[in-house]
Amino acid sequence: MSIIYQLLACTLIFSTSTIAAQTGVLTQNPSTTLHIDAADDNTATISTAQAANDVVVTTAGNLGVGVLAPVTKVDLRSADQKGIIGLGTNTQTAAAAGAGAIRYNSGNFLEYSDGANWIPMATTAPPKVSISGTTSDATYNISNNTSTRIRTWSVTGDTTGAFSSTNNEFTAPRNGFYLVSFSITLGPNSGAGGVINNSTFIETAIETSGVTTTTIPKFITVNSYPAFQASTIRNYISGNCNGIFYLNQGSKIFFTVKHTTGGTRTVLNDATLNNFSIQEL
């Protein structure tokens with residue numbers, strides 16, 4: 001009998017150590033130290049939909065709800081897009097709750113503890129980008145058949161300080177869609193005489209840097225002057241360009257113009273005809 005008891009004791013010890021290594025509740029194939037299949041629907045290969053109702057604890061002590069491989073202490077980023085936290089009210093002092101604690105205030109806002117006080121969290125989103133600018137710099141030369149970046153903008157509105165007057169370019173403060181508009185008019189200078197040669201064009205462009213391959217990096221419009229015109233044409237030339245860009249945080253927006261009308265032209269001294277705007281959508 002003593003031999004039987006010894007064998008039974010060894011069996012229980014072995015079984016206990018095996019269970020302690022990986023414990024599964026309603027699942028025969030636990031993937032972590034503790035794995036609970038709340039809906040009892042897992043198969044040998046757990047699908048995304050099946051994982052959405054699972055709860056796991058990893059060897060690092062990370063808790064995943066609907067996530068089989070949590071990378072933070074509490075990870076709720078499930079594929080079913082239901083990973084939200086319900087916060088309640090409480091009567092603890094901020095010191096008792098400790099710095100970094102968050103609670104719901106019955107006044108319909110959230111508060112966080114700095115270790116001494118409950119601080120209301122911001123309830124409004126950051127202001128959206130809304131920028132406009134003009135230029136009337138008649139001394140700014142636009143050479144023939146050369147893409148020239150406009151660098152003499154006077155910004156008349158910038159809600160976020162995202163436009164650099166030094167570099168004359170916009171820097172996206174965050175990922176998102178931006179509606180951009182650009183217009184320019186070139187007048188003649190004394191050397192070129194304002195002649196518009198046949199079979200020529202003016203090109204206006206909105207360009208970006210630092211964008212991903214999934215977005216359009218440059219919008220261009222072209223106004224052309226046909227070859228069948230017999231007489232010499234002398235006039236202003238103008239163009240405009242509009243586009244919606246998806247920008248990454250830190251991406252740049254700047255404006256260029258190019259013409260092939262012959263000679264050097266200057267930006268017309270009229271700010272109403274030379275302008276841009278950027279509006280975050």
Cross-link partners of Lys82 among lysines (Cα-Cα below 25 Å; sequence separation of 8 or more within a chain):
Lys73
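Among DSSP beta bridges lying fully in segment 57-216, give the percent that are antiparallel, nearest 5. Could the numbers behind the result be given before it?
On the way: 14 of 16 bridges.
So the antiparallel bridges in segment 57-216 amount to around 90 percent.
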Please work out the average accessible area per residue across segment 81-185, using the 1.4 Å probe convention, and give it in Å².
57 Å²
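How high is the relative contact order of segment 25-71, in percent, counting Cα pairs under 8 Å that sit 6 or more residues apart? Let's see the in-between values first.
Details: 79 pairs, mean separation 14.8, N = 47.
After rounding, I find 31 percent.
Efficiency by 1/(1 + (r/R0)^6): what FRET value for Tyr112 and Asn198, r their Cβ-Cβ distance, R0 = 51 Å, to the nearest 0.05? Present the calculation step by step, with values, prior to reporting the outcome.
Details: r = 69 Å, r/R0 = 1.35.
Taking R0 as 51 Å, the efficiency between Tyr112 and Asn198 is 0.15.
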Between Thr45 and Thr124, what is the spin-label point distance in nm, taking each point 7 Å from the Cα along the Cα→C-beta axis?
5.2 nm
For q = 0.15, 0.20 Å⁻¹, Debye-computed log10 I/I(0) when each Cα of segment 58-217 counts as one equal scatterer
-1.03, -1.28
Spacing of the two label points (7 Å from each Cα toward its C-beta) at Asn144 and Ile85, in nm
6.7 nm
When we measure straight from the Cα of Lys218, which lysines land under 27 angstrom away, once same-chain ones fewer than 8 places off are left out?
Lys128, Lys252, Lys258
Given a Förster distance of 25 angstrom, what is the FRET efficiency for Asn105 paired with Thr72, based on the Cβ-Cβ distance and rounded to 0.05?
0.50
May I ask what percent, to the nearest 5, of DSSP beta bridges between residues of segment 11-144 are antiparallel?
75 percent
Note, Ile142: beta-carbon cut-off 12 Å, +1 each Lys/Arg, -1 each Asp/Glu, net +2
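Around Ala94, with a cut-off of 13 angstrom between Cβ atoms, what is the net charge of the other residues, counting Lys and Arg +1 and Asp and Glu -1? Could the numbers behind the result be given before it?
Numbers: positive: Arg103; negative: Glu111, Asp114.
So the environment of Ala94 carries a net charge of -1.
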Vicinal HN-Hα couplings computed from phi for segment 134-141 (Karplus, 6.51 cos²θ - 1.76 cosθ + 1.60; Hz; Gly/Pro x):
9, 8, 9, 7, 6, 8, 7, 8
Label points 7 Å out from Cα along the Cβ direction at Gln92 and Thr33: separation in nm?
2.2 nm
If I compute solvent accessible area with a 1.4 Å probe over the protein chains, what percent of it on segment 75-117 is carbon and sulfur?
51 percent
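How charged is the neighbourhood of Leu247? Take every other residue with its Cβ under 10 Å from the Cβ of Leu247, and add Lys/Arg as +1 and Asp/Glu as -1. Kindly include the intermediate steps, with their values, before the conclusion.
Values: positive: Arg174, Lys252; negative: Glu280.
That sum, taken over residues with Cβ under 10 Å, equals +1.
The values are calculated or read from the model by the stated rules, or taken from the named source; none is laboratory data. Being a predicted model, the structure only gives us computed values, none of them experimental. Backbone-built Cβ (ideal geometry, glycine too); neighbour counts: all protein chains shown. For the accessible areas, the whole protein counts, side chains as well, though only heavy atoms, and no ligand, DNA or RNA atoms are used. Shrake-Rupley method; radii C 1.70, N 1.55, O 1.52, S 1.80 Å.
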